[in-house]
Amino acid sequence: GQSLEQPSEVTAVEGAIVQINCTYQTSGFYGLSWYQQHDGGAPTFLSYNALDGLEETGRFSSFLSRSDSYGYLLLQELQMKDSASYFCAVRDWGANNLFFGTGTRLTVIP
Amino acid sequence: DTGVSQNPRHKITKRGQNVTFRCDPISEHNRLYWYRQTLGQGPEFLTYFQNEAQLEKSRLLSDRFSAERPKGSFSTLEIQRTEQGDSAMYLCASSLGRGSGANVLTFGAGSRLTVL
């Protein structure tokens, strides 16, 4: 089976940088994904890491350390519109589904 | 392309009734997933199709739940004899079948079920 741990809530100031951590346990790790979901909206894909290191996409970056079973999502130059829930999700070898964590609710304040 | 389309967006039903949800995936995506999400939780995997073949089913999918994807295009999720515990948002997602695109799920807006 799989398990994921991420903080339930994070609050940060507009313009600042915030890091959302995710630790996972899985029987056969294949990759770690991040999704954003605004209230009442659908989850939308942000990033995917299969190998160790940092992936950067604009203001968002995602990091993976497979030896530590750990990853994080880094959001820079926070904007009010970044207030949302952020989910990490893992895929196992041989599986075709994503297993999602319970999500981190990010609140950006002025 | 209009993305992943789900209907109906909202469904209110009485306990014991049957309900059916429809999902129209992105046309070039051959993988289709159904997830369920309750308030404050992440999406929970229900089932997965590769083209018309249902390849994986979660143990969450009791015998009251059935999903189909005839001809590998749209999919339906039927819940028979609904229970109050079935109240949730039912999310459909699709993805490409291979390469890096297989790791990018595009979700629909969901179908919210309320069982009274």
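Worth a mention:
- Placing one equal scatterer on every Cα of chain B and applying the Debye formula, the log10 ratio I(q)/I(0) at q = 0.21 Å⁻¹ is -1.15.
- The chymotrypsin sites (Phe, Trp or Tyr not before Pro) of the range A:28-109 that DSSP puts in a loop, and whose beta carbon has at most 11 other beta carbons within 10 Å, are A:Trp93.
- Peptide B:18-30 has a mean shielding of 0, counted as Cβ atoms of other protein chains within 10 Å of each residue's Cβ.
- Taken about its Cα centre, chain B carries a charge dipole of roughly 280 debye when the Cβ of each Lys and Arg holds +1 and the Cβ of each Asp and Glu holds -1.
- Amide proton proximity set for A:Gly31, modelled H, under 5 Å, gap of 5+: A:Arg91
- Dimensionless Rg over Rh [the protein assembly as shown; C-alpha; Kirkwood]: 0.97
- For the range A:80-90, 3J(HN,Hα) per residue [Karplus equation, 6.51 cos²θ - 1.76 cosθ + 1.60, θ = phi - 60°, Hz, x = Gly/Pro]: 4, 5, 7, 4, 5, 9, 10, 10, 8, 8, 10
- Residue order, fewest to most beta carbons within 10 Å, for B:Thr2, A:Thr11, B:Thr76: B:Thr2, A:Thr11, B:Thr76
- The GluC sites (Glu not before Pro) of the range B:27-81 that DSSP puts in a loop, and whose beta carbon has at most 11 other beta carbons within 10 Å, are B:Glu28.
- Short-range pairs are left out: with C-alpha atoms under 8 Å and at least six residues apart, the relative contact order of the range A:24-110 is 30 percent.
- Relative contact order, whole percent, for chain B stands at 36, derived from Cα pairs under 8 Å and 6 or more residues apart.
- Normalised size of the range A:41-110, defined as Cα radius of gyration per 2.2 N^0.38 Å with N residues, equals 1.19.
- Surrounding net charge for B:Gly110, when Lys and Arg each add one and Asp and Glu each subtract one, Cβ distance under 15 Å: +1
- Phi-derived couplings, Karplus 6.51 cos²θ - 1.76 cosθ + 1.60 at θ = phi - 60°, listed residue by residue for the range A:11-25: 10, 8, 8, 3, x, 7, 10, 9, 10, 10, 8, 8, 10, 9, 10 Hz, with x used for Gly and Pro.
- B:Gly110 long-range amide H proximity, modeled H, under 5 Å: B:Gln6, B:Cys92
- Taking amide H positions as modeled 1.01 Å from N, with prolines and chain starts lacking one, the residues under 5 Å from B:Asn30 and 5 or more places away or on another chain are B:Ser95, B:Gly97.
- With θ taken as phi - 60° and the Karplus curve 6.51 cos²θ - 1.76 cosθ + 1.60 applied, the whole-hertz 3J(HN,Hα) list for the range B:52-64 is 8, 8, 7, 9, 9, 9, 6, 5, 5, 7, 5, 5, 7 Hz, x standing for glycine and proline.
- Distance from the range B:17-71 to the range B:88-116 (C-alpha centre basis), Å: 8 Å
Since every read-out is calculated from the coordinates, none of them should be taken as a lab result. Please read these numbers as outputs of a predicted model, since none were measured by experiment. With ideal geometry, Cβ positions are generated from the backbone for all residues, glycine too; neighbour counts draw on all protein chains shown.
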